[in-house]
Every structure is written in structure tokens, then in C-alpha cells.
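Structure first, commentary second.
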Amino acid sequence: MQPVYLQAVKQMADPTPDQTTIPLTDAEALERRKRGEGNDTVLVTSRTLGGILRANLFTTLNMIIISIGVILVVLGRVGDGVFSAGLVFFNVAIGVIQEWRAKQQLDAINLLNHPRVVVLRRMPAGNDEARPVDPAEIVKGDLIRATTGDQIVVDGTLVGDGKLELDESLLTGESDHVSKHAGDAVRSGSICISGTALYCAEQVGANSYAAQLTRQARQFRAVKTPLQRQIDFALGVLITIAIGLGILETVFSIVSEMPFTSSMQAASVIVGIVPQGLFVAVLVSYSLGAVRISQRGALVQQTNAVESLSNINVLCTDKTGTLTANQLKFGEIVMLGGVDESEAKRTLGIFCHSASAGNKTSQAIGAAVSGEAVPVLAEVPFSSTRKWSALAFNGTGESEGKSLKGAFVLGAYEMMKPALDTRTDHTSLTDQIKVLSDQGFRVLLFARQDDPASLHMGGTGDDAALPSDLTPISLVTLSDVLRPDARETLHHFIAAGVQPKIISGDNPDTVAALARQAGLTGDIKLVSGMQLDAMSEADLDQVANESMIFGRITPEQKERLVDALKRRGHYVAMIGDGVNDVLSLKKAHLGIAMQSGTSATRNVADIVLLNDSFASLVPALLEGQRIVNGMRNILSLFLARCITVALVIVAVGYIGLGFPFVPRNITLLTLFTVGIPSLMLTWSARPGPIKGNVVFDALRFALPAAFFTAMFALIVFALTFVLLHDSVLKADITPAEINEFRRMAGIGNEINLSTSARFAFAVSNATAQTIVTIFLLLTGLMLVVFIEPPFKFLAVIREYRGARWPLLLVALSLVGFGAVWIIPPTRGFFGLAVEPDPVVVLALLAVTAVWSVLLALAWKHNWLGRILRIDTQLGAASPFRTVGGK
């Protein structure tokens, strides 16, 4: 039994007591728990491991590719089957790992600590017992004690005569402490700063404010960036093309009685038109960007976050802890009424160093003004409700120089004004304060009363009154300490066309002053939370778009502001550090947290600024530009290859000369023409303004390239097929030669080569496949040179930057391919049915040179664009354009 509880219960006693002032018995608590009124609740994210796996694996495209791969393996075409399905499982593994990591971060969020709390329970004998319990054992109606340092664990109402001073910044973002008396509501997540009181549990478990906030914070979100949405659109087009080709291939297989194995190989090639390797290229780009900016002080928690940063046009930030270092800086002492400056500083120094309950204000002043602590007769600590603190000294001390006599008050002028003596010139004082406030300072008034008992007689508790007839001594100015990199970073974003929006729980005027200190100029429009509550959705959208400063904002209002900005088409980033920022971080396209912020904030953020380095956003922005510009080139290569393959398949099928590729041909092309080059393009990409739509720009490159490449490839394939077909028909072929051809071309016994016509067709088709594959490899390497021109005369479609690595890449790729072609096992593995021949090589190089000249002219003079009116059709109203929103 603890006397404090007995005393509290006696104070709450009443002839007709309310139930909320009477402790529950154990039996009553058990009965309420059975009714579901207990505080035990299980919070989970919206996704399980099985759900994540199913979402990544069981897509239509994945199932088609895996099915074809399995059929090919069953038919003995293990290599083709592995290449068809292997990349699918790689992509699935990457996706599952990323989302599982995100789930673990979300599961770690908990806004409440889990210390044991003390509840009152009524015993059978009629007395009451104070019992420490786990918060999960609390039930609705329990009386819970809160004292200094405790966290409010459920929502409730204060009862009895106790009083509390609560820090609600974890929930609201407001830095001021809030006084609570009987009848006032207290919310879970608040911290008790001072006082002792009982509160009655009303909203417990999942219904408490902290639990609801936690549940929303734990919800999984997947935000696709503009680049990802554009790539999805391009993939959708390619999937549609693949489906159409698949239907045509099925019809052709039935009509021509194509062997089942050949049909599956053709299906595998057609499905390969959808560039799954593009997902790997995107992942590599994001990963490289994450590594680069981690070295500059930013931790990327969502792989697409760096690229997302390059798209923002609105940057929302909290004030405390983000723009400021959560510190106050002493400014100056402005003398009033002819008071001696040295005496005023001495008095202020003793005042600050003698206070037993210091705060950030007294600490900032005490650090700048020297003084010694002396005995205090009476003290009224600072309260956010009073907005002043006071000390009374009786003149005792170690020496005359260290003693004071009288009552001294430091606080806000507005609150102290009624207690100032009649000689005070309020007009002059108000004018001085306004001038200092307009300069961005917090201004406090320091005053005295000669009689120390004047404070003692006014009381020193929560109901303490100001001493009367206070004489002003001085004004004291303080300012928030801006983070050293805040001004430069904001300037950089403004120069990049990003609008800053400062959203805070503090007073709008205070926030506006800080904004001016941070270098924001012009017409700074202010809005308060109370004004937002009275607005319609349309008015809110307009105000959110036009205003820069938002003060006295609740967490729910932050969400509404982010939603409003997104409705106006903005791409929004939100920076925060407190739990009050969690929901708005999740709502924004990009959430950014400070390392010193709460764990909940860090866990939901896409980027965490290590060491609270606001300046890390600048290199992150540049890295995002680098990613987008690199992906522009990578996507150009992928689209050029995929469209080329599709056109060649259609053209060769139309003229009835067989099928132009086997799956391993496509694997070879992918490796040398987009796989390795993509890695190099990712590594060498440079930051710079993002111009236009990435997919549209890639199509301007890819469509002419694909058209001319497919046209030349068809000519190469047809000539090879026709010339060889006639020669083979005239030759006397032995069974041994047929078996040797089967071995070299990798053709199984399921294909009938018993007649000369069948054998001639198979040889011609396999040889033409090899020749056209080599031609496409040469042209693919030339496209890399056009994308990153090593010489100015090659800069017909992309800007010349003097890079020489494409020449080295082409040389090494040709050496690598030459080794593959020369060595019999690798030649057979990649389905190359022709041995190296210098005549063939020279002929293909000559054709490639002609192709290069014509393609350069087509790009330079926009031949295809003029014919198809591409620029007009894919202009401002293009479906490739993106809009803000998730």
C-alpha cells in the first residue's frame, strides 16, 4: 500500500461517487477482459511472407515463362529451359527480399514503451492496492497512476485533484508542455514531465490513439516512381506484342505441323521479347545509387527512393529537428528604463543558474550569461500554460556579489503585461518587441519586484500568480539554431524548381521567422491548423498549393495537406523526425527521416539522413538524376532489341522461311548487347536536368533503330537461307553429315531430317539463325556507341560527352564473342550452327557499316518521325506523361 494512492482515492471520494473514481476489483477487471475490453492487442502488417511470395511469383507473365521452361526441360532442352525460367526466379527472389525487409521494419514500429505501470485495484476488505502490472493487463475503467517520467499507455481522463505536465510532442509535434487537470483528456504516447495524478482508462488496446497511429504506420505501401510507371507502360506494350506474336506462332505451328519442341522454343523466344533483364538493370541502378549516397550521409531503405527524389517538386519539412537543431541560441539583452547593463546581466545570470527546474530557454541563457547559484526563497517553474517562470531571493549568499533580493520573473510579455507597474511605457515596449520579433527572435521580458514575499504569497504551484507591480529590467532575445546546412540545401532545391513547405506544430509566426532565417524570401503566406479545419476540400487544395508556412498543425492535418498537394498534381517529399510525422511520411511519395528521430519515423521512411545531415539531400538529388539519365539509355537499348526481335520474327514468318532464333541465340544477344552495356551505362551515367519523358525519348531512339535493324536483318536472313537452301538441295548428303549437323546445331531426333528437302530447310534455317544473330550482335554494339558517342561525328541522337569506354567495351565484347564462336562447346551451347569464316565476318561488317550510316541519317533528319508523325502523336498529350499521385 502506498500513501499517495490512498490520499488520491480519499480526495476523489464523494457521497455519490462516479464509477471512474473507484478502482476495479480483480473480478471486475477479469470480466471486462473477457468482454474484450483489455489492453492486449496484436498489431501486424498487412502482408505475410506467403503473401509477399505469392504476389511476386504468381503473375501471368511469370507463369507463362516458367511453364515454357519446364516443358523444355522435360523435352530434354535443359539449357533452353533454364535460360527461359532462370531470370524469373532471380527477379522473384530480389522482390521478396526487398518486401520482407520492409515488413520487418514496419513490424518493429511501436509508439509505446512497455514498462510496468501502476494501477489501483479494490481489495475484498474494501481497501485499495497499488499494483505494478504489465500494460497489457490494463482494462477499460482501470485507475492508473502517472508521475514524472511515466508514459501514458492508454487514452483516458484525469480524475481527482492531481495535476500533470505532459509532453505531447511525440503525437502532435508541438514542443510546448501541456498542463492537465481533472476532467482533461490524456492520450497514449504522451510523456509526464512533472506532477502526479490518476487517470481512468477509456480507450484501450487497438482503440487507443497510439495503437491506431501504430497500426496505420505499420501498413505496407508500395510507391512506384514516375520512371517505374513509364517502364511499366513500356512493358505493357511489349507484353501485348508478345501475346499477339504468340497467337500467330500457335496458328503457324498448327498449320505447318511444326514439331512440339520447336514450337516451345519459338514460344520461349517470343516471351523473351518482354525484357525481364530490364528489372535487373533497374535494380542495379538503384543499388549503385544507394551505395553512392550512403557515402554522403543518407541511408536508402526503399530501392527506388533515390530516383524518386529527382522527381519531387514540393518538399514538406517539419521545423523542430529538421530545419533546426532543436536548440535555442542566446541573442542579446536589451536594457529597459535606464537599468545598468552589467547589473542586469549579473541578475539574469544568477536567476538562470539558481533555477532548479531548467528548460531549453534557461539553459541557452545560462550558457551565454555567467552567474552563480544562490539560495532560493520560492520558485515557480516554467509552464507552457503560464509561459513564465519566477524565483524569489531573500538576499542571502556567500558574498554580496552573489546574492539577490526580490522576486524576478522571466517570460512572455503578453502574459506578464497585466502585472507590470503603472509606469511602464507599454507602447514603446510593444514596438521594441515587434522589431525584434520581425527579425526572427523569440523575445522574453525580465522583470523584478523588490519584495521577495510577493511571489511566495502568490503561491508556487500550478495556480501561482504573478507578483504585482513588476518593474521591467530588460528584454532577452533567443533564436532557434538552424542546422548549418539548412539554408544552402533549401536554396539548392528552390533553384531546382522545388517548392518548400514548412509544416509545424509551433506558432505560424515563429515558423515564418525561422523560414526567413533559412533564406526564404518573398510573400510568405501563413496558415494555421484552426483555419484548415474550417476549409472545404477545394479551399484546402488551393491554400496548400499557395501557402508556404503551416503552423499549429496536427498529424491528421499533415496527412490532409500531403493529400491536397498530391491532388494538385505535385510529387511530394516529406521530411520529419517525430511520431507526429509518421502518417504524413507514409502519405508522401517520398518519406525522409532524421537519424535522431524516433524509431517509428525511421522505419517508415524511404531515406534516413545519417547524422541528421540535411545537406545529404543535395547529392541524393543529383544521384536520382544520374539514375534517370542512365535508365533512359538502358531502356533505349532494351526497347531497340525487343522491338527488333519482334519485327524480325514477324517478317521471317511472313515470308515463310522458318523461325529466326532459338532461345540461346536471344541469350547471347541479351548478354552482349544489353546486359554488359547496361552495367556500363549505369556506372557511367551522369547527373543533369531530366528532360521530357524517359520512355518517349527512348522510343525516339529505339523505333528508328529497330526498323532499320529489322529491315537489314530480314535481308541478311533471307539471302543466307535462299543461297544455302539451293546449295544443300543439290548436294549428296550422307547420314554421317546429318548426325554431325544435329550435333552442331543442337537439334534432337524429334525433328525429321530424313528427306533432302527437310534437311535443306533445317540447315538453311539454322545457318540463317546464326548469321542474323551475329549481325544483330554487331548492330547492338554499334547502338551502344550511338548512345554514348566517343566521337563528335557519332553524336546524332545523344549528346557528346567525350567518353571513350564504349570503344573499349565494343573491342572486349568482340573478343569475347569471338572466343564463344571459335570454341566448339560454347558455340554449340549458344546455338551457333556456323563455324567462323573470314568471308562471312567481312560481309557482315560491311552490311553493319551501311546500316550505321543510314540509321545515323534517319535519326539526324527524323525520317521515321516524319513518316509516322511520332512527335505529334506522342507530344504533350502523350500517354507516357506522368501525373503526381501514387
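Some values worked out for this structure:
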quantity: Nearest-0.05 FRET efficiency for residue 412 and residue 134, computed from C-beta distance (R0 60 Å); calculated: 0.90
quantity: Accessible solvent surface per residue of the stretch 517-647, calculated while the other protein chains remain in place, 1.4 angstrom probe, Å²; calculated: 29
quantity: Which listed pairs, of 319/387; 558/691; 329/586; 224/501, have C-alpha distances above 28 Å, in listed order; calculated: 558/691; 329/586
quantity: Distance between modelled label sites at residue 546 and residue 826, nm, 7 Å Cα→Cβ extension; calculated: 6.8
quantity: Given charges at beta-carbon only (K, R positive; D, E negative), |dipole| of the stretch 441-573 in Debye; calculated: 620
quantity: Net charge, residue 474 excluded, C-beta distance under 11 Å - Lys, Arg +1, Asp, Glu -1; calculated: -2
quantity: Rg to Rh, two decimals, where the stretch 415-497 supplies the alpha carbon set and Rh follows Kirkwood; calculated: 1.21
quantity: Long-range amide H partners of residue 133 with built H, under 5 Å; calculated: 117, 118, 119
quantity: Residue-span extension gain [residue 295 to residue 434] - 0.36 nm each, minus C-alpha spacing; calculated: 45.6 nm
quantity: Built amide H within the under 5 Å cut-off of residue 571, gap 5+; calculated: 313, 314
quantity: Summed residue charge, Cβ within 13 Å of residue 670's Cβ, Lys/Arg positive, Asp/Glu negative; calculated: +2
quantity: Whole-angstrom gap from the stretch 564-639 to the stretch 475-497, using each part's C-alpha centre; calculated: 19
quantity: In nm, spacing of pseudo-spin labels at residue 530 and residue 611 (7 Å Cα→C-beta vector); calculated: 4.3
quantity: Theoretical FRET efficiency, 1/(1+(r/R0)^6), r = Cβ-Cβ of residue 805 and residue 67, R0 35 Å, to 0.05; calculated: 0.30
quantity: Amide H partners (placed H, <5 Å) of residue 163, local residues excluded; calculated: 196
quantity: Estimated FRET transfer efficiency (residue 93, residue 853; beta-carbon r; R0 60 Å; 0.05); calculated: 0.85
quantity: Simple spin-label estimate for residue 31 and residue 423 in nanometres, 7 Å along Cα-Cβ; calculated: 7.0
quantity: Rounded if a/c under 1.5, otherwise prolate or oblate - the stretch 640-692, Cα gyration tensor axes; calculated: oblate
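The values are calculated or read from the model by the stated rules, or taken from the named source; none is laboratory data. Quantities reported herein were computed from a predicted structural model and do not represent experimental measurements. Quick reminder, even Gly has a Cβ in these numbers, built from the backbone with ideal geometry, and neighbours come from all protein chains shown. Remember, those area values only see protein heavy atoms, side chains included, never the ligands or the DNA or RNA. Shrake-Rupley method; radii C 1.70, N 1.55, O 1.52, S 1.80 Å.
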